[in-house]
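The block underneath contains the structure these notes are about, expressed in structure tokens.
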Amino acid sequence: MSDLPGSSAATISSYRLDSTVNEELMQGERSKVPPPRGGVAELLPEPVFPQKPELLNAPDEAFMPKNGKRHWTSPQIYHAMQGWAFPYFRSRLLRGEFHPIIAYLFNEWKCNLDCNYCWAYDNRVRGMTEDIAKRSIDWLHSTTCRVLALMGGEVLLRPNFAHKIIYYATKKGFWVYLPTNGRLMKPDVIDRVADAGVKTVNLAVDAWDIKPGLPKAMVPIRQYFNYLVHKQYKYGYSVFLNINICRNNLKDVRMLTELAHDNGIATDYHICESPMMEHDDFKHFEDNPVFIRPEDHAAIGELIDWLIQKQNAGWQMVNSVQRLAEMKKFMKKELDCWECRAGLNSLIIRTDGTLAPCFPMYSAHHDWGTIEAPKMKPDQLAAMKKNCEANCFSTLNHILAFCYNDARVIRWLFKEALHGFQGVHGNME
Ligand code: SF4
Ligand code: SF4
């Protein structure tokens, strides 16, 4: 078990999950994805580009928000409802418990950077094939799921492949989410993924400029950031900055938050977590400059209070005030259980097409099935979560758990309807 967060050591010994549960999850053998029908690998269609030449050539200024307020069109609002609201209600009405709403498709497990907290890449592992990507989307389409998040590693390592996935998934009616460290997000790539229909770009940046252990920085990608923010209005996607609070970036977090606010985009915060479970290839156990130690708690607490103050003043943030405040509890290992829905309403698809309930469980060998043949068992998931929930700060799964409540959803939809669905900031508090 790791003793971080909450240790005075600069070194972590291993992982946060209870060692018995970890051992159980590392046993067994994952199923293999059945061969394609007829033995012939499937291919994704070649995207048409540009699909909307009139948009590509239109001046950006014509689409900029008037009076600083962004306007969402009716088709954009309907598409968001198709992605999130309708699958939620279907998942409530259908029998059984396995009704995914969001799926993370790991199109890559390689990365061009090396953030010192990250165990989520291995440059020896081959990326997803077109066959697995297409069959994953087709299989998800046969379920309730209509939100597809590409995931890695770095998802844009093969920009043409990412473009194909976004194009195909959008044509099938998915609401597509693209996280990236931004280093490969050149203007031509932005135009292509935007034209294909991407709905949100999650730009992960932890530092203003590159610093020890934190290569995801704004300075090296500033021109791409400006281009991305500028084009969002005419293409109809949104952008937010995804920032991981570590022991060595507290000033950077404030600077990035101010930059996002000045540019009219939202922010999403994570608190630096050591690996949940065993990952053979994680190599930063010793002398890690990013992991939080007890002597950092006071300064991080002040930063969290500053973020809460900014959110109360109207700055756009994905995390609710309550959620930000819970980061302090998490640092002190005082998190309560929170009814995680992973494996039932969210899942991950690894590069080889096998399934797992969530990102922290990527390296588990437990057999949760594959695309076209899932094996998510509510009893097994519930037993496992008795141990991992208290150690887990998964933002998406916390939001899903909080929102998986009819009264909250109806109250939120009613409030948004009163505002013509023009004020959706992704936080249901
Ligand atoms: S950019 Fe993302 S995937 Fe790559 S090392 Fe950093 S956190 Fe991990
Ligand atoms: S609490 Fe949920 S998201 Fe976190 S590790 Fe456990 S199953 Fe995964």
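Since every read-out is calculated from the coordinates, none of them should be taken as a lab result. No experiment lies behind these values; they were computed from the predicted model shown. Reconstructed Cβ throughout: ideal geometry from the backbone, glycine too, with neighbour counts over all protein chains shown.
Over all other residues within a Cβ to Cβ distance under 12 Å of GLU108, the charged ones net out to +2, with Lys and Arg as +1 and Asp and Glu as -1.
Averaging Cα coordinates gives a centre for the range 178-231 and one for the range 286-332; these two points are 24 Å apart. In loop segments of the range 158-247 as defined by DSSP, the trypsin sites (Lys or Arg not before Pro) with at most 15 further C-beta atoms inside 10 Å of their C-beta are LYS172. In a reduced charge model with +1 at each Lys and Arg Cβ and -1 at each Asp and Glu Cβ, the chain shows a dipole moment near 1220 debye about its Cα centre. Counting only residues at least eight positions apart within a chain, or on another chain, the lysines with an alpha carbon under 17 Å from that of LYS52 are LYS164, LYS171, LYS199, LYS231, LYS234. Counting only residues at least eight positions apart within a chain, or on another chain, the lysines with an alpha carbon under 26 Å from that of LYS283 are LYS110, LYS211, LYS216, LYS332, LYS333. Give the shape of the chain as rounded, prolate or oblate, defined through the alpha-carbon gyration tensor: a ≥ b ≥ c are the square roots of its eigenvalues, a/c under 1.5 means rounded, and otherwise the shape is prolate if a/b is larger than b/c and oblate if not. It is rounded, given that a/c, with a ≥ b ≥ c, falls under 1.5. For the chain, CYS111, CYS145, CYS337, CYS340, CYS358, CYS388, CYS392, CYS403 stand unpaired, since no other cysteine beta carbon lies under 4.7 Å from theirs. Spin-label model, ALA373/VAL21: points 7 Å from Cα along the beta carbon direction are separated by 2.9 nm. Under the criterion of Cα pairs below 8 Å and six or more residues apart, the relative contact order for the chain equals 23 percent.
In straight Cα distance, which aspartates and glutamates are under 18 Å from LYS377, not counting same-chain residues fewer than 8 positions off? LYS377 reaches GLU24, GLU29, GLU97, GLU339, ASP367, GLU389.
Database remark: amide H of TRP368 closer than 5 angstrom to the amide H of SER31, LEU355 (H placed geometrically; neighbours at sequence offset of 5 or more, or on other chains; Pro and chain starts carry no H).
In terms of surrounding Cβ atoms within a 10 Å radius of their Cβ, VAL205, VAL239 rank from fewest to most as VAL239, VAL205.
Send over the Kirkwood Rh of the range 116-158, from the inverse of the averaged 1/r over different Cα pairs, rounded to one decimal Å. It works out to 12.3 Å. Between GLU61 and ASP188, residue separation times 0.36 nm minus the direct Cα-Cα distance comes to 43.8 nm. Build a GNM of the chain with springs between Cα atoms under 10 Å apart, and of MET327, MET317, MET64 the one that fluctuates most is MET64. Beta bridges from DSSP with both residues in the chain: antiparallel share about 20 percent, rounded to the nearest 5. With each label modelled as a point 7 angstrom along the Cα→C-beta vector, the HIS141-ARG92 pair spans 2.8 nm. Label positions at TYR78 and LYS333, each projected 7 Å from the Cα along the C-beta direction, are separated by 5.3 nm. Structure remark: mean-square fluctuation, Gaussian network model of the chain, C-alpha springs under 10 Å; the largest value among VAL21, VAL253, VAL40 belongs to VAL40.
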